[in-house]
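Take a look at the structure below.
None of the figures in this text is laboratory data; all of them are computed from the coordinates on show. Predicted, not measured: the structure shown is a model, and the values here were computed from it. No Cβ is skipped: glycine too gets one built from the backbone with ideal geometry, and neighbour counts run over all protein chains shown.
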Amino acid sequence: MRPDIEWVSAWSVSRLIAQRWPMPKHISDAVLERGRRIHAWTEQLDLGMEPTPPEEIAGWCQAYRRFGYSLSPSYTQVEYNFDTGARKDGAFGWHGIADRVGVVRGKRSVLDIKSGGPQPQHPIQLAFYALGLYPQSYLKIQRLGVYLKSNGTFKVKTYSDPEDFMACHALLRQAYEEEDLTYGENSETTTGHH
């Protein structure tokens, strides 16, 4: 379990994305727990430990090992906490935890590890990571979704559409406009001005 982090910015990548793609209500706690366990195991592996995979997630763990053998990634960050800071001079801040940051096949990359299949919000999530971690060169960053399967296989999907970054900016504008609007309404209500 990670220690509590005191974020500077108000909006997380997950919260920003949930404006357009809310978390499905049908996802069970067991599925969420499985995802947490897979992430914990892959983190230990990438930090140089040799964890034994628990039986119930062994297939996904094998898939991750196969991914590593196939693409030989070199990570500079594992489960990396980042925060772009508070809103300053009109800039919108956000924070998140990038699963992996490093180099894959000679390209600077951000990776997200998934125990399910590709979803429409995944390229936007990775775009937020690239934009937050590499604000000057985000278009040059390779964005990879690593999709692990219970049968020990994996799929890597490269996301490269520059429109994903436009979607990030739209979600940021929506978030901060709603926040400002709410603040303004509360201020007017409190002071009695209409």
Surrounding net charge for TYR147, when Lys and Arg each add one and Asp and Glu each subtract one, Cβ distance under 10 Å: +3
For the chain, the spread of Cα positions along each principal axis, largest first, Å: 63, 37, 29
DSSP-defined beta bridges in the chain - what % are antiparallel, rounded to 5: 75 percent
Percent of beta bridges antiparallel (DSSP, the range 33-146, rounded to nearest 5): 75 percent
Most to least packed among 47-56, 101-110, 159-168 [average Cβ atoms within 10 Å]: 101-110, 159-168, 47-56
Eligible lysines near LYS149 by straight Cα distance, threshold 16 Å, same-chain separation 8 or greater: LYS114, LYS157
Test item: Cα-centred dipole of the chain, Lys/Arg +1 and Asp/Glu -1 on Cβ, debye: 1020 debye
